[in-house]
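The values are calculated or read from the model by the stated rules, or taken from the named source; none is laboratory data. Predicted model only: the values in this text are computed from it and were never measured. Counting neighbours? That spans all protein chains shown, and the Cβs are built from the backbone with ideal geometry, glycine included. What goes into the accessible areas is simple: the full protein's heavy atoms, side chains included, and nothing from ligands, DNA or RNA. Shrake-Rupley method; radii C 1.70, N 1.55, O 1.52, S 1.80 Å.
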Amino acid sequence: MCDSPEQSVVTYCTFNFIKYICLSAQNGVNPDWEKKVIEYFKEKLKENNAPKWVPSLNEVPLHYLKPNSFVKFRCMIQDMFDPEFYMGVYETVNRNTKARVLHFGKYRDVAECGPQQEVDLNSPRTTTLERQTFYCVPVPGESAWVKEAYVNANQARVSPSTSYTPSRHKRSYEDDEDMDLQPNKQKDQHAGARQTGGVGGLQWCGEPKRLETEASSGQQLNSLSLSSPFDLNFPLPGEKGPACLVKVYEDWDCFKVNDVLELYGILSVDPVLSVLNNDERDASLLDPMECTDTAEEQRVHSPPASLVPRIHVVLAQKLQHINPLLPACLNQEQSKTFVSSFMSELSPIRAELLGFLTHALLGDGLAAEYLILHLISTVYTRRDVLPLGKFTVNLSGCPRNSTFTEHLYRIIQHLVPASFRLQMTIENMNHLKFIPHKDYTANRLVSGLLQLPSNTSLVIDETLLEQGQLDTPGVHNVTALSNLITWQKVDYDFSYHQMEFPCNINVFITSEGRSLLPADCQVHLQPQLTPPNMEEHMSSLLAAVLPSVLNKFRVYLTLLRFLDYSISDEITKAVEDDFVEMRKNDPQSITADDLHQLLIVARFLSLSAGQTTLSRERWLRAKQLESLRRTRLQQQKCVNGNEL
């Protein structure tokens with residue numbers, strides 16, 4: 001059976017990329033030649049949906065992939081390690097014939113060196129270069145429907161590698177996280193791997209055939225001598241999938257911590273990488289700079305390749321979003337047809353979504369309106385320290401001791417690409433780590449719950465809060481949540497100082513009374529129906545929606561975040577006159593903050609209808625919604641006294 005053209009392109013990339021890069025070394029190490037090779041493969045990736053034929057580490061088990069194969073990975077930058085030096089070009093000498101061969105060290109962790117060859121460390125032709133290492137994890141909180149859609153779209157079909165299948169790789173990632181490592185046994189197994197070392201960030205081995213044979217015969221070379229299971233440093237609990245050490249060779253200044261990337265590059269899972277920290281290695285062969293690393297730092301920065309594979313990046317692109325139902329880049333010319341086509345049918349989609357959310361909110365149409373506005377809100381700019389466009393909603397009046405909030409979150413999960421539900425209990429607030437902090441011993445950023453990529457939906461469930469005492473960490477966590485909501489920033493803890501990391505997180509708070517946390521907008525829930533079985537009600541609601549309609553909801557909520565918006569001079573004047581008139585009639589009824597709130601509601605109300613400029617009609621509708629919301633809060637205040 002012949003490969004498809006797309007599959008052939010990927011196969012070609014997989015088996016020939018390193019070959020051509022190596023040829024660039026043997027052709028006089030011409031930088032232009034290397035650049036042309038890289039550009040050639042980048043162009044190949046653009047042909048005939050070729051990316052869909054590239055195996056993804058997000059979907060394909062690691063033991064199905066061959067070393068040095070061409071792969072892709074959808075991930076978030078969790079940490080950035082210090083730049084490392086490596087041998088960009090090095091020379092080997094045959095011990096018998098004295099023949100010299102020039103090699104290219106880029107896109108490799110282990111130097112190519114045969115049984116009768118050795119690296120000439122003193123060769124004048126050796127060139128030391130620099131590369132940056134990112135520690136990347138799967139996108140935190142990524143929804144199940146997103147993962148499923150990417151799996152269905154990917155055409156790559158792989159089977160377990162027969163040329164390289166260490167038994168260590170047959171474990172699942174879940175097993176890797178929970179396994180009990182045996183340092184003493186591993187030390188014995190590695191005793192034969194004597195001639196290993198590293199120079200300038202590029203590891204080399206004098207007996208590659210022996211090591212490969214040991215790996216294929218079941219020796220567990222891919223485990224470090226750890227005293228405890230390796231922590232993959234995922235920000236959220238329960239996350240699955242591989243973390244990767246990502247080696248970037250160009251333009252790394254364009255990326256920052258928490259960016260979401262799609263990477264294409266060369267997979268490196270050589271078992272030698274897991275032996276390099278063995279106590280018996282020859283220290284004389286190491287880079288002097290490496291010797292200054294602490295044991296803990298080496299453990300973290302050189303983890304087992306079976307747990308944390310390496311990717312040498314050929315192409316890296318920052319993702320605007322992770323919704324697989326939309327074009328990856330909405331700014332490109334070819335995406336405009338998709339956008340204009342979808343916008344033409346926006347009105348009925350909004351109406352259906354409003355009805356769907358009204359049922360999810362127990363018949364409360366007003367709460368459904370505000371939930372739509374919340375779900376499409378985004379920080380569109382910052383004025384000094386103030387983030388404009390944030391729209392945190394507090395849905396009060398949620399039934400206590402009910403599964404309503406849990407099932408409402410389940411509905412939100414089915415609509416947004418990434419989300420997390422924080423159960424706000426005294427125990428969680430006192431014991432969970434919210435703020436990422438710097439571990440100087442291991443020289444890494446230890447993740448926290450609030451290390452999330454842009455446009456993540458964070459649902460905070462306050463209905464679970466009982467009476468109790470917050471200790472010092474609990475108070476710090478509440479402060480961190482308040483700062484996130486108010487300023488859309490998280491202050492990472494670097495021990496001697498704090499560093500601000502701006503973010504763009506949609507926070508939705510469910511509570512019985514008014515939330516303890518600040519919110520831009522409080523909507524009191526007024527259920528119009530009381531289902532005898534909440535789980536049955538929500539499940540039947542999801543089951544009743546056609547998958548095609550649900551996908552339209554998902555496209556709608558993602559796409560509208562990226563639309564431009566403006567207010568004409570004429571409407572600006574009308575809004576100003578309206579504000580003056582309202583102040584004249586009742587000075588206490590509206591403040592400058594209320595006007596800002598009205599403008600935010602009007603903005604997202606317009607965008608929710610597909611209008612990129614404010615109209616008089618939408619302004620009046622925004623005033624009406626705000627009036628209904630305020631009236632409801634006043635009525636509730638009269639019923640319950642001061643508690644809202």
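Classify the range 333-563 as rounded, prolate or oblate, taking a ≥ b ≥ c as the square roots of the eigenvalues of its Cα gyration tensor: rounded when a/c is under 1.5, otherwise prolate if a/b is larger than b/c and oblate if not. Cα axes put the range 333-563 in the oblate bin.
Work out the length of the dipole vector of the range 333-563 about its Cα centre, built from +1 on the beta-carbon of each Lys and Arg and -1 on the beta-carbon of each Asp and Glu, and round it to the nearest 20 debye.
It comes to approximately 620 debye.
Restricting to bridges with both residues inside the range 333-563, how much of the DSSP beta-bridge set is antiparallel, in percent to the nearest 5? Bridges in the range 333-563 are about 40 percent antiparallel.
At the residue level, H103 shows approximately 20 square angstrom of accessible surface with a 1.4 angstrom probe and all protein chains present. Need one word for the range 229-271: rounded, prolate or oblate. Basis is the Cα gyration tensor (sqrt eigenvalues a ≥ b ≥ c); a/c below 1.5 gives rounded, then a/b vs b/c decides. Because a/c hits 1.5 or more and a/b fails to exceed b/c, the range 229-271 counts as oblate.
Computed with a 1.4 Å probe on the full set of protein chains, the accessible area for R632 sits at about 30 Å². Counted by Cβ distance under 9 Å from A602, the other residues give a net charge of +4, where Lys and Arg count +1 and Asp and Glu count -1.
Computed on protein heavy atoms with a 1.4 Å probe, the accessible areas place Y135, Y150 in the order Y150, Y135, largest first.
Measuring nothing but how far apart in sequence close Cα pairs (under 8 Å, 6+ apart) lie, relative to its length, the range 297-390 scores a relative contact order of 10 percent. Each of C329, C244, C254 has its accessible area taken with a 1.4 Å probe; listed largest first, they run C254, C329, C244. For the range 448-533, the Cβ-based charge dipole about the Cα centre amounts to some 200 debye (Lys, Arg positive; Asp, Glu negative; other atoms uncharged).
Taking every protein chain into account, the accessible area of the range 446-552 amounts to 47 square angstrom per residue (probe 1.4 Å).
Excluding V93 itself, calculate the net charge of residues whose Cβ lies under 10 Å from the Cβ of V93, where each Lys or Arg counts +1 and each Asp or Glu counts -1. Don't skip to the answer; put the middle values down first.
Details: positive: R95, K98, R100; negative: E91, E118, D120.
Result for the local shell: 0.
Taking a straight Cα-Cα cut-off under 30 Å and skipping sequence neighbours fewer than 8 places away in the same chain, the lysines within cross-link reach of K584 are K390, K573, K623, K637. For the range 27-159, the carbon plus sulfur part of the accessible surface works out to 48%, probe radius 1.4 Å. So, in Å, what gap is there between the alpha-carbon centers of the range 292-347 and the range 61-112? If we compute the Cα centre of each part, the gap is 22 Å.
S589 sits with roughly 60 Å² accessible to a 1.4 Å probe, with DNA, RNA and ligands left out of the calculation. Rounded to the nearest percent, how much of the accessible area of the range 333-563 (1.4 Å probe, protein heavy atoms only) is carbon and sulfur? Of the solvent-accessible surface of the range 333-563, carbon and sulfur hold 52 percent. Surface listing: K36, K256, K637, K42 arranged by accessible area from highest to lowest gives K36, K256, K637, K42, probe 1.4 Å. Summary of the geometry: the range 557-600 and the range 493-526, compared by the centres of their Cα atoms, lie 24 Å apart.
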